[in-house]
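Shown next, in structure tokens, is the structure this report addresses.
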Amino acid sequence: DGGITQSPKYLFRKEGQNVTLSCEQNLNHDAMYWYRQDPGQGLRLIYYSQIVNDFQKGDIAEGYSVSREKKESFPLTVTSAQKNPTAFYLCASSIDGGSTDTQYFGPGTRLTVL
Amino acid sequence: QKEVEQNSGPLSVPEGAIASLNCTYSDRGSQSFFWYRQYSGKSPELIMSIYSNGDKEDGRFTAQLNKASQYVSLLIRDSQPSDSATYLCAVMAGRRALTFGSGTRLQVQP
């Protein structure tokens, strides 16, 4: 059963904590992405990666970090430097990140800061 | 000026009517255009993609692109209550990642 999985579905963070959101895909896609969505807003790009061991900052990378050690996995760490992390986090993947490539989304992780 | 603009709505249409959703974008170098549907609390799902000027039809959905006017639209024929959702317009320009509008909320009244 192919697809994109994200875990956990819900995550609660205390002030000052780092948390890591998981994203895994078995679609054999080269490109992976992280977006953040705030209520009533569109998606904003945090980081993206088109190949293993390489990634680029998006529009709102401050306070976040990523790694891409395996093709299938693109975890996102929300650090304590991110002052307002409560949001819906969406991971996506696409075949190769080309200009006509279609991105498919995982089910998302809802992060709440306590 | 936002890079991708959509009317936030809600756009309310009666069941069976045509819903027309509009999107404008600022980057003339944009190459690919996508419409996603997002139900409340869920992740976006792809409805249509369009890459060249003109119309593209898929079932009850038609995407229209006019690059000269920097305008892309989505028409939904025979609207159903199950079409009630937020519709996100997304554009790919130079970088290899999408820029999204803030979405239009569609309400189809039974």
Next item on the list: Identify, among B:88, B:99, B:68, the residue whose Cα sits farthest towards the positive end of the charge dipole of chain B, taking +1 on the Cβ of Lys and Arg and -1 on the Cβ of Asp and Glu, with the dipole about the Cα centre.
Entry: B:99
Note to self: How big is the dipole moment of chain B about its Cα centre under a simple scheme where the beta carbon of each Lys and Arg is +1, that of each Asp and Glu is -1, and everything else is neutral? Debye, nearest 20, please.
What the structure shows: 320
Margin query: Suppose the Debye formula is applied to equal point scatterers at every Cα of the protein assembly as shown; what is log10 I(q)/I(0) at q = 0.07, 0.08, 0.10, 0.15 Å⁻¹?
Written below: -0.22, -0.29, -0.45, -0.99
Margin query: Report the Cα centroid-to-centroid distance between segment A:1-77 and segment B:35-66 in angstrom, as an integer.
Written below: 24
Note to self: Give me the inter-chain shielding for A:90-100: mean count of other chain Cβ atoms within 10 Å, whole number please.
What the structure shows: 3
Checklist line | Per residue, the convex hull volume that the Cα atoms of segment B:50-110 enclose (Å³) | finding: 102
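Taking the Cα centre of chain A as origin, work out the dipole magnitude from +1 charges on Lys and Arg Cβ and -1 charges on Asp and Glu Cβ, in debye rounded to 20. Can you show the working numbers first?
Working: 11 positive and 12 negative charges, 96 e Å.
Dipole size: approximately 460 debye.
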Checklist line | Calculated log₁₀ intensity ratio I(q)/I(0) where the Debye formula runs over C-alpha points of chain A, q = 0.14, 0.22 Å⁻¹ | finding: -0.51, -1.25
Checklist line | Global form of segment A:33-100, assessed from the alpha-carbon gyration tensor, a/c cut-off 1.5 | finding: oblate
Checklist line | Partner chain coverage, peptide B:66-76 - average Cβ within 10 angstrom | finding: 0
Next item on the list: May I ask you to work out the translational diffusion coefficient for segment A:1-64 at 10 °C, viscosity 1.306 mPa s, via Stokes-Einstein with Rh from the Kirkwood sum over Cα pairs, reported in whole µm²/s?
Entry: 117
Check: Packing-wise, with mean Cβ within 10 Å as the measure, how do B:51-63, A:13-25 rank, highest first?
Finding: A:13-25, B:51-63
Margin query: How large is the translational diffusion coefficient of chain B in µm² per second when you combine the Kirkwood radius over alpha carbon pairs with Stokes-Einstein at 4 °C and 1.567 mPa s?
Written below: 93
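Each value in this text was obtained by applying a stated rule to the coordinates, not by laboratory testing. Since we're looking at a predicted model, the values are computed, not measured. As a convention, Cβ positions derive from the backbone with ideal geometry for all residues, glycine included, and neighbour counts pool all protein chains shown.
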